[in-house]
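Visitor: Have a look at this one.
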Amino acid sequence: MTSRLRQIAAIHFGFRVNTSEVRALDVAPDGFIWAAGTFTTFNGASTGGVVKLNGDPVSPAIIHPPVTSAVLPGETAIVVVGAHGTGLTYQCFKNTVALVNGGDISGANTSILAIANADATDEADYTVAVTHTATATTLTSAAARLHVLAAPRIIGPPSPADVLAGVNLTLASET
C-alpha cells in the first residue's frame with residue numbers, strides 16, 4: 001500500500017480537497033497516513049497544515065526526532081524536535097535528567113533546546129518528551145547524542161632540522 005499511495009500522490013501532486021490543496025502524502029512506519037497542505041483545520045481542529053489520517057488529528061506525534069550532532073568547545077549546541085498536535089508541552093532531558101532554564105541552558109521546555117558555551121560536561125544523550133495536555137499522552141523522542149569535540153593541543157615543540165634549499169621538508173604531528 002505504501003508504494004501505491006506514493007505513486008498516486010506523485011501523479012496527483014497538488015490535488016484539491018474543497019478549497020485547500022494537499023501537497024504531500026506519506027505513510028509512517030506505524031501505518032498512519034500523513035497529509036500536508038494549505039488547510040488549517042481538520043475535523044474542526046486546528047492543524048497548521050499537517051494531519052494524521054486514520055487517527056485523531058490532535059494527538060501528539062514526533063515527526064522529526066532530534067539528531068546526533070557535534071560542536072566545538074564554547075559554541076552553542078542546538079537540539080530540535082519536530083512534533084505535531086495541539087496543546088503540546090515539551091520537556092528536554094540530558095541523559096535521564098530533566099533540564100531547567102538557567103546558566104547556559106535555554107529552551108528546556110520548548111521544541112528548541114540551546115546549550116551555550118558547550119563543554120565536555122555537555123556531551124550526553126538528549127531526548128525530548130512531548131505531552132498532549134488534554135489527554136496527558138506523552139511521547140519521548142529517540143535519543144540524540146551531543147558530541148563536544150576536543151580542542152587541539154600541542155604536546156611538544158617541533159624538533160630542529162637542517163634543510164638544504166630546494167629539498168622538501170616533511171612535518172608530522174601526533175594526535
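The values are calculated or read from the model by the stated rules, or taken from the named source; none is laboratory data. Since the structure is predicted, the reported quantities are computational estimates derived from the model, not experimental observations. Ideal geometry is used to build each Cβ from the backbone, glycine not excepted, and the neighbour counts take in all protein chains shown.
Visitor: Being in a loop (DSSP other than H, G, I, E, B) and surrounded by 10 or more Cβ atoms within 10 Å (Cβ to Cβ) is the filter here, so list the residues in region 126-150 that pass it.
Guide: Of everything in region 126-150, those that are in a loop (DSSP other than H, G, I, E, B) and surrounded by 10 or more Cβ atoms within 10 Å (Cβ to Cβ) turn out to be 133, 134, 135, 141, 142, 143, 149, 150.
Visitor: Another question, then. Which residues, taken from region 77-108, are over 15 Å from the mean Cα position of the chain (by Cα), assigned to a loop (DSSP other than H, G, I, E, B) and either surrounded by 13 or more Cβ atoms within 10 Å (Cβ to Cβ) or of a type in the set (Val, Ile, Thr) (or both)?
Guide: Scanning region 77-108 gives 85, 86, 96, 99, 100, 101, 104.
Visitor: Kindly establish whether residue 37 is at pLDDT 75 or above, loosely packed, with under 13 Cβ neighbours inside 10 Å and more than 23 Å from residue 136 (Cα to Cα). Give the steps one after another, and end with the answer.
Guide: Numbers: at pLDDT 75 or above: yes; loosely packed, with under 13 Cβ neighbours inside 10 Å: no; more than 23 Å from residue 136 (Cα to Cα): yes.
Against the criterion (at pLDDT 75 or above, loosely packed, with under 13 Cβ neighbours inside 10 Å and more than 23 Å from residue 136 (Cα to Cα)), residue 37 does not qualify.
Visitor: A further question on this structure: May I ask you to say which residue of 118, 114 is in a loop (DSSP other than H, G, I, E, B), of a type in the set (Gly, Ala, Ser), surrounded by 12 or more Cβ atoms within 10 Å (Cβ to Cβ) and modelled with pLDDT of 95 or more?
Guide: Among 118, 114, only 118 is in a loop (DSSP other than H, G, I, E, B), of a type in the set (Gly, Ala, Ser), surrounded by 12 or more Cβ atoms within 10 Å (Cβ to Cβ) and modelled with pLDDT of 95 or more.
Visitor: What are the residue pairs meeting all of these: first residue in region 59-74, first residue closer than 19 Å to residue 123 by Cβ, second residue surrounded by 17 or more Cβ atoms within 10 Å (Cβ to Cβ) and charged (D, E, K, R), Cβ atoms under 9 Å, and 6 or more apart or on different chains?
Guide: As it stands, the answer is 71/122, since those pairs meet every condition given.
Visitor: Right, another one. Can you tell me how many residues in region 101-111 are under 19 Å from residue 145 (Cβ atoms) and at pLDDT 95 or above?
Guide: Selection size over region 101-111: 4.
Visitor: How about region 128-173: which of its residues are among the β-branched types (Val, Ile, Thr) and within 23 Å of residue 72 (Cβ to Cβ)?
Guide: 148, 154, 155
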